[in-house]
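As structure tokens, the structure follows; a few thoughts come after it.
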């Protein structure tokens with residue numbers, strides 16, 4: 001279990017480092033990343049694995065809101081894109 005947690009933390013750390021810089025993301029790519037994180041949180045068992053996955057999703061949300069705080073139209077588009085994949089990330093479609 002600790003090994004899985006360490007792998008998750010390292011992967012999310014590396015992923016978050018790669019997203020920084022001047023690279024422009026599309027609303028669809030931001031939404032897809034959120035849906036991937038949401039799916040991991042949804043499928044995780046109870047306990048530390050679920051807490052870690054939920055924390056990763058929330059950190060990503062916070063990072064994107066901060067990054068695009070001056071572009072409400074982009075954030076609205078991300079919201080629309082999330083609606084398209086959220087059910088599937090939770091196994092409902």
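The values are calculated or read from the model by the stated rules, or taken from the named source; none is laboratory data. Quick caveat, the model's predicted, so the values are computed rather than measured. Heads up, the Cβs are rebuilt from the backbone with ideal geometry, glycines too, and the neighbour counts pull from every protein chain shown.
Details
- Filter pass, residue 91 being touching a residue at least 12 places away in the same chain (Cβ under 8 Å) and not in a helix (DSSP H, G or I): yes
- Subset of the range 26-54 that is in a loop (DSSP other than H, G, I, E, B) and over 18 Å from residue 83 (Cα atoms) - its residue that is modelled with the lowest pLDDT: 45
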